[in-house]
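For reference, the structure is listed below as structure tokens.
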């Protein structure tokens, strides 16, 4: 983006933030819901770890790294690229049609459409969980490991963005595809936080090759904690998860351009 | 005559669903995948464990799968039909609810009733398949099945009122998006959708007894799998009935107060 575009984006974001403050109780509750939603994942994971020790052969401190990575990636996705989620409703309201006649890329307008208040809560809990996971970890956190973790979080962010962008592309043609977006969110939240080797091989395969959920946090965490050879996929593939996220996002943006060209509006 | 009008209002949402086959196909696929995943997860977790928190593997799997099926009972996307209280408040069309010959509270109740009946058909279909394929265990006796059915009915009744309170919140706050999300979270956690409440620490179980969410799902499912004995069921049913009564009176009060706040555009 050129400097002028960055300045415009920053001004719009500030205005959006002030707009969110118009409904003060809703604003505070949105921060709370971001936090509460993530706490629910922690509660579930904690209960399972307490009752079923050695989940999938992983120590509880290692398991904790999976939801921490996923949650941090998710919080950053919500903050920077999350507006693609729920696009179907905006299409039904005809909002996209007005974006098309403005002198700014549609995707950028969409991302600047409102400030994601809930991301504040999401990220607060995610940072707390990551700090907790790192402090409980027995691993030697070398510069290499830390760099890989940072890249893994960014890769997870891009992979989640790619999946939701693909659903948004479908929404441009079928606004009801929004339904799939909500399901995707549920699946990522429920099954993205545990070692998938606890599931039968076929189900684990489905969440690896059918829906690449395992690449968001499970594989990077497995590589970091030394379980990379027991994931059921070649080690190099598990290690390349962040790269896959970047490639998937680039692919999804190409798909977005193609889908937008073929968008005909809600009235045909 | 009144019954015919009631039936017509109740079937609005289910008819909307029946006329959009892709939504139904998606719902079927989602339900199937969710059941397979949840059953697989609990089977996997119990691989090296016998009984934990008083639940063996079959009980835990049955509980988890029934929780998924029960979540279908009120899962219709009213938003797509543009008939949520939030949308009516946003677009100023809530006034039409007060201009019809049908009272808003009656219209709301009939729509919800239709939705829950439609959801029940899905849940029963799913239950029949799961039972036939051995994914869930049958109830221990006819008495257990009967008490479970009664408890589930009371639970859905409680859930209806809880959802209604959140919708009524719109009359005061204009928006209820965050409140609805908090409710869904509280419902999933405190009703035992994420994991049976029996797995949680004692203080958590005690805390949840003071809230209505446990009555919506945890109680009926615990009766079904035998974690609540029939001898203790009467107390639980009474608590559920008390919640129904308390929430009915509270929402009735809110409907009255809400009506005073509704103005047409421009006041």
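Some observations on this one:
- Among the conditions (1) within 15 Å of the chain's Cα centre (by Cα); (2) within 24 Å of residue A:43 (Cα to Cα), residue B:206 misses just one, which is (1).
- Annotation note: Cβ proximity below 7 Å between a residue of the stretch B:8-32 that is more than 19 Å from residue B:82 (Cβ to Cβ) and a residue that is in a loop (DSSP other than H, G, I, E, B) (sequence gap 6+ or interchain) occurs for no pair.
- Residues of the stretch B:169-187 classified as over 23 Å from residue A:22 (Cβ atoms) and within 7 Å of another protein chain (Cβ to nearest Cβ), total: 1
- Filter result for residue A:101 (more than 14 Å from chain B (Cβ to nearest Cβ) and more than 18 Å from the chain's Cα centre (by Cα)): yes
- Residue match in the stretch A:169-177 (condition: buried (at least 20 other Cβ atoms within 10 Å of the Cβ), in a helix (DSSP H, G or I), within 11 Å of another protein chain (Cβ to nearest Cβ) and within 20 Å of the chain's Cα centre (by Cα)): yes
- Sole exception among (1) surrounded by fewer than 16 Cβ atoms within 10 Å (Cβ to Cβ); (2) under 21 Å from the mean Cα position of the chain (by Cα); (3) not in a helix (DSSP H, G or I) for residue B:50, by number: (2)
- Sole exception among (1) touching a residue at least 12 places away in the same chain (Cβ under 8 Å); (2) crowded, with 16+ Cβ neighbours inside 10 Å; (3) in a helix (DSSP H, G or I) for residue A:29, by number: (1)
- If you check A:70, A:83, A:14 for being surrounded by 14 or more Cβ atoms within 10 Å (Cβ to Cβ), more than 11 Å from chain B (Cβ to nearest Cβ), in a helix (DSSP H, G or I) and without any contact (Cβ under 8 Å) to a residue 60 or more places away in the chain, only one passes: A:83.
- Residue in the stretch A:211-219 that is surrounded by fewer than 19 Cβ atoms within 10 Å (Cβ to Cβ) and either at the interface with another protein chain (Cβ under 9 Å from one of its Cβ atoms) or in contact with a strand residue (DSSP E or B) (Cβ under 6 Å, 6 or more places away or on another chain) (or both) present: no
- Residue match in the stretch A:178-198 (condition: within 30 Å of residue A:264 (Cβ to Cβ), modelled with pLDDT under 85 and either more than 13 Å from every other protein chain (Cβ to nearest Cβ) or not in a helix (DSSP H, G or I) (or both)): no
Residues checked against (1) part of a helix (DSSP H, G or I); (2) within 19 Å of the chain's Cα centre (by Cα); (3) within 13 Å of another protein chain (Cβ to nearest Cβ); (4) closer than 30 Å to residue A:206 by Cα:
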residue: B:4; (1), (2), (3), (4): yes, no, no, no
residue: B:7; (1), (2), (3), (4): yes, no, no, no
residue: B:13; (1), (2), (3), (4): yes, yes, no, no
residue: B:33; (1), (2), (3), (4): yes, no, yes, yes
residue: B:37; (1), (2), (3), (4): yes, no, yes, yes
residue: B:44; (1), (2), (3), (4): yes, no, yes, yes
residue: B:62; (1), (2), (3), (4): yes, yes, no, yes
residue: B:89; (1), (2), (3), (4): yes, no, yes, no
residue: B:95; (1), (2), (3), (4): yes, no, no, no
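- Flag for residue A:114 being touching a helix residue (DSSP H, G or I) at 6+ places or on another chain (Cβ under 7 Å) and over 24 Å from residue A:60 (Cα atoms): yes
- Some residue of the stretch B:213-231 being surrounded by 16 or more Cβ atoms within 10 Å (Cβ to Cβ), free of Cβ contacts under 8 Å to residues at least 24 places away in the same chain and more than 25 Å from residue A:30 (Cβ to Cβ): yes
- Hits in the stretch B:201-215 (condition: within 18 Å of residue B:240 (Cβ to Cβ) and not in a helix (DSSP H, G or I)): B:210, B:211, B:212
The values are calculated or read from the model by the stated rules, or taken from the named source; none is laboratory data. Predicted, not measured: the structure shown is a model, and the values here were computed from it. Virtual Cβ from ideal backbone geometry, glycine too; neighbours counted across all protein chains shown.
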